[in-house]
Amino acid sequence: MEREVIFRIRRFDGEKTYWQDFRFTARKGMTVLEGLYFIKENLDGSLAFRASCRMGVCGSCAVKINGRPRLACETQIFDIGSTLEIEPLDNMPVLKDLIVDMDGFFRKHEAVKPYLIRRDDDYENPKELLQTPEELHAYYDFSLCIKCGACYSACPASATRSDYLGPAAITAAYRFCADSRDEGREDRLNLVSGSDGVWRCHFNAECSEVCPKSIEPAKAVQRMRLMSAIHMIKSIFR
Amino acid sequence: MKGVSGWFTLKGKSLNSLAYSFHRLTGIVLLLYLIAHLSFLTSLRIGEETYTAFISTTVRLETLPLDSLLFLATFYHAFNGLRVVLNEFGLLYEARKALIYLMTLLGLLFWLYSTYVMYLFLTGW
Ligand code: SF4
Ligand code: FES
């Protein structure tokens with residue numbers, strides 16, 4: 001099955017923002033990313049967008065499609081309709097067309113120490129860290145984040161405060177805090193307990209709606225908030 | 001950054017964002033009301049007559065729709081706020097959409113009843 005579709009793309013050339021329409025014939029099963037490549041190869045070579053794996057793994061192709069952040073490589077054109085409005089993600093500076101500067105987003109991720117912290121690290125004599133299936137399930141879902149930035153784009157708290165860590169970074173913090181092998185919970189709690197951390201979230205929960213991996217970042221943020229509250233109360237009596 | 005418009009952008013968003021936008025909007029309405037309310041009360045310092053004059057301009061049958069809208073904002077904000085508090089304690093996260101419907105319904109019921117009571121009051125019971 002083939003049908004003519006319109007890609008209405010919000011473009012930015014470094015100075016001005018404008019909308020441009022592209023018409024082409026799409027076939028059944030074609031993804032938005034394939035449509036973007038079609039435009040770049042056949043209609044306008046100057047169109048800029050990011051993509052890599054083309055299979056929902058790398059997280060580079062997230063854009064807003066008809067207002068909702070989605071992975072372009074995982075979204076089929078016909079599932080959306082005949083006219084697709086494609087825009088760069090919100091809450092990050094646009095560099096060119098659909099490419100946003102994700103530097104700040106990754107710095108926030110880095111800031112919460114998203115790795116296992118152990119006091120007995122000994123690379124010469126590595127030891128196996130065993131976990132029960134229950135211990136694995138406590139954090140497993142949250143470890144599936146591909147850092148696409150869709151949640152960050154949809155978050156209204158990130159829209160007004162550039163220092164807010166955002167749902168992805170807090171989810172990463174929770175993923176490690178909930179890991180039975182980790183010993184860095186205290187460090188991370190100190191990092192996310194401020195007003196630029198969990199207390200900035202006002203539970204819009206749109207992050208959970210748009211996450212392409214169904215990770216439920218809003219759930220992680222609320223759990224981290226509870227952990228943070230207990231941590232703060234305990235620290236008063238310490 | 002999208003700025004404050006990010007609080008009210010609904011295109012492509014879910015019911016969660018609609019509830020969130022209304023919460024912000026009703027919060028702003030309540031803030032404006034609080035300022036007016038405190039101004040009215042402060043007028044008591046000038047004298048009882050000033051206060052009574054102020055009150056007589058607002059406590060009337062003609063302004064009932066405005067009072068009614070204020071109560072709508074109040075009840076929506078209160079019940080939706082309760083939902084947010086529950087969710088933020090990590091409770092009923094999975095039922096968050098059902099809770100939006102439930103709390104909105106409760107807000108509407110309280111609003112209708114309060115408007116009815118206000119109407120009775122203004123029309124002399
Ligand atoms: S939590 Fe989901 S939406 Fe957010 S960056 Fe990770 S995969 Fe993307
Ligand atoms: S291109 Fe890698 S997730 Fe879409």
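When only residues in segment B:49-77 that are open to solvent by 60 Å² or more (accessible area, probe 1.4 Å) and within 16 Å of the chain's Cα centre (by Cα) count, which is farthest from B:Y33 (Cα to Cα)? Even if it seems obvious, please write down each step before you answer.
We begin by selecting, within segment B:49-77, every residue open to solvent by 60 Å² or more (accessible area, probe 1.4 Å); these are B:49, B:51-52, B:54, B:56-57, B:59-62, B:65-66, B:69, B:71.
Okay, now just the ones that are also within 16 Å of the chain's Cα centre (by Cα), so B:65-66, B:69, B:71.
Details: B:P65: 15, B:L66: 11, B:L69: 11, B:F71: 11 Å.
So, considering only residues that are open to solvent by 60 Å² or more (accessible area, probe 1.4 Å) and within 16 Å of the chain's Cα centre (by Cα), the one farthest from B:Y33 (Cα to Cα) is B:P65.
When you check A:M102 against the structure, is it under 29 Å from A:F176 (Cα atoms) and crowded, with 21+ Cβ neighbours inside 10 Å, yes or no? Before you say what the answer is, go through the steps one by one.
Values: under 29 Å from A:F176 (Cα atoms): yes; crowded, with 21+ Cβ neighbours inside 10 Å: yes.
So A:M102 passes the test.
When the residues of segment A:50-99 are filtered to those that are away from chain B (no Cβ under 12 Å), of a type in the set (D, E, K, R) and open to solvent by 10 Å² or more (accessible area, probe 1.4 Å), the one that is nearest to ligand 1 (Cβ to nearest atom) is A:E74. Return yes when A:L191 is away from ligand 1 (no atom under 14 Å from the Cβ) and within 14 Å of another protein chain (Cβ to nearest Cβ) and no when it is not. When the stated conditions are applied, A:L191 does not pass them.
Limited to segment B:1-17, what total is found for residues that are part of a helix (DSSP H, G or I) and either open to solvent by 80 Å² or more (accessible area, probe 1.4 Å) or touching a residue at least 24 places away in the same chain (Cβ under 8 Å) (or both)? Quick ask: steps written out before the conclusion?
Here is the first cut: in segment B:1-17, the residues part of a helix (DSSP H, G or I) are B:5-8, B:15-17.
Cutting the leftovers down to either open to solvent by 80 Å² or more (accessible area, probe 1.4 Å) or touching a residue at least 24 places away in the same chain (Cβ under 8 Å) (or both) gives us B:15-16.
Total meeting the criteria: 2.
For segment A:139-179, the candidate set comprises residues that are within 14 Å of chain B (Cβ to nearest Cβ) and open to solvent by 30 Å² or more (accessible area, probe 1.4 Å); within that set, the residue that is farthest from B:K2 (Cα to Cα) is A:D141.
Within segment A:85-138, the residues that satisfy the criterion of being touching a residue at least 24 places away in the same chain (Cβ under 8 Å) and charged (D, E, K, R) are A:E85, A:E87, A:D90, A:K96, A:D97, A:K108, A:K113, A:R118, A:R119, A:E135.
Where in segment A:26-120 are there strands (runs of 3 or more DSSP E), lying fully within it, with 3 or more residues that are modelled with pLDDT of 95 or more and within 13 Å of ligand 2 (Cβ to nearest atom)? Working first, answer last.
Details: elements: A:62-65, A:68-71, A:83-87, A:94-96.
Because the criterion is at least 3 residues that are modelled with pLDDT of 95 or more and within 13 Å of ligand 2 (Cβ to nearest atom), the strands (runs of 3 or more DSSP E) in segment A:26-120 that meet it are A:62-65, A:68-71.
The values are calculated or read from the model by the stated rules, or taken from the named source; none is laboratory data. Everything quoted here is computed from the prediction, not taken from an experiment. Quick reminder, even Gly has a Cβ in these numbers, built from the backbone with ideal geometry, and neighbours come from all protein chains shown. Quick note on the areas: whole protein, heavy atoms, side chains included, nothing else; ligands and nucleic acids left out. Shrake-Rupley method; radii C 1.70, N 1.55, O 1.52, S 1.80 Å.
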